[in-house]
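Visitor: Got a structure for you, questions after.
None of the figures in this text is laboratory data; all of them are computed from the coordinates on show. Note that the structure is predicted; figures quoted are calculated from it, not measured. As a convention, Cβ positions derive from the backbone with ideal geometry for all residues, glycine included, and neighbour counts pool all protein chains shown.
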Amino acid sequence: MAPRRVDKAARREEILAAAVRVFARKGFAASRIDDVAAEAGIGKGSVYLYFDSREALLDAAFENMTAAAEDILRRARSSPGPALDRLAVLIGEVLRTVSAEPDLARILLDLWNAGRGGAEGLPLSMAAVYAQYRTVIADLLREAGKEGTARPGLGLAEATVIVGAIEGCLLQWVIDPQVPIADLTGPIVAVCLDGVRTHGRPDRSAGGRP
């Protein structure tokens, strides 16, 4: 009987999925390759055929989320339409992207709590990620000022507050899954964006669903 052929791409994804479950459940520091292998139902050596360390597993697990974040920022910059409308869309897409991967969100929180910072710990530089978001949001606020839909003089300070509102809601949801994260786009837009509009008038067209 010929040996069964292994779909390497599918096996790699199975191992990644198992690693994410283990890291989210046990915490990254307490997890071992043996745990990942047991979760995936394979031998430890099979894991090493695809990933040479826990850190490699962690980096690979966050590749899709990182790519999605970059795509959200790119579209916020380049899509047509009023700047504040694009910012409302950005807020909704960030919430949807992160909330679609609750285990990855829990892993990030675990790493932050453990004090693992920068390139040595986190699978991505959170300082760089936040800086990118602040820059794009600040640019959108300045653009809205030129369009006459937002007060002039807005920039990085206000962008920092908006990022804080988004991240604060996500943090509460990770800690307490009962928080209705899918329903919070509208409130964040209302609280943050209506406050920067030229006359403070709510944009009812967003309807909480940008």
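Visitor: Compute the long axis of helix 102-113 from its Cα atoms, compare it with the longest principal axis of the Cα atoms of the chain, and write down the angle in degrees, 0 to 90, nearest 10.
Guide: Between helix and principal axis, roughly 90 degrees.
Visitor: Can you list the residues, at least 5 places off or on another chain, whose amide H is less than 5 Å from the amide H of Ala150, using H built in the peptide plane?
Guide: Gly145, Thr198
Visitor: Taking every pair of alpha-carbon atoms in the range 1-52, what share in percent sits in each 10 Å bin, from 0 to the bin with the longest distance?
Guide: 26, 52, 17, 4, 1
Visitor: Another question about this same structure. Can you tell me which of 134-144, 26-36 comes out highest on packing, and rank the rest after it, using the mean Cβ neighbours within 10 Å?
Guide: Details: 134-144: 20.9, 26-36: 16.5.
The peptides rank, most packed first, as 134-144, 26-36.
Visitor: Given the -39500 (n - 2.57) contribution per DSSP H run of 4+ residues, what per-residue ellipticity at 222 nm results for the chain, rounded to the nearest 500 deg cm²/dmol?
Guide: Details: 11 runs with 135 residues, N = 210.
That calculation yields -20000 deg cm²/dmol at 222 nm.
Visitor: Roughly what angle does helix 83-99 make with the longest principal axis of the chain, taking Cα atoms, 0 to 90 degrees, to the nearest 10?
Guide: Rounded to the nearest ten degrees, it is 20.
Visitor: Let me ask another. Would you mind computing, in nm to one decimal, how far apart the modelled labels at Arg12 and Thr135 are, each placed 7 Å from Cα along Cα→Cβ?
Guide: Each label point is offset 7 Å from its Cα along the Cβ direction, giving 2.9 nm.
Visitor: Can you compute the charge dipole magnitude of the chain about its Cα centre, using +1 on each Lys and Arg Cβ and -1 on each Asp and Glu Cβ, nothing else charged? Give it in debye, rounded to the nearest 20. Don't skip to the answer; put the middle values down first.
Guide: Numbers: 26 positive and 27 negative charges, 50 e Å.
Around 240 debye, computed over the chain.
Visitor: Additional query: Compute the angle between helix 126-147 and the longest alpha-carbon principal axis of the chain, please, reported from 0 to 90 degrees and rounded to the nearest 10.
Guide: For 126-147 against the chain, the angle is about 20 degrees.
Visitor: Can I ask one more? Sort 86-96, 187-197, 166-176 by the packing proxy (mean of other Cβ within 10 Å over each peptide's residues), most packed first. Can you show the working numbers first?
Guide: On the way: 86-96: 21.6, 187-197: 17.9, 166-176: 16.0.
The densest-packed peptide leads the list: 86-96, 187-197, 166-176.
Visitor: Now, a different point. At 7 Å along Cα-to-Cβ for each site, give me the label-to-label distance between Lys26 and Ile175 in nm.
Guide: A separation of 2.7 nm, rounded to one decimal place.
Visitor: What FRET efficiency comes out for Thr160 versus Glu55 if R0 is 25 angstrom and r is the Cβ-Cβ distance? Round to the nearest 0.05. Working shown, then result.
Guide: Numbers: r = 30 Å, r/R0 = 1.20.
After rounding, the FRET efficiency stands at 0.25.
Visitor: Which label belongs to the value computed from this structure, given these candidates for Cα extents along the principal axes in Å: (i) 54, 44, 28; (ii) 73, 37, 31; (iii) 101, 45, 31?
Guide: Label (ii) holds the value from this structure.
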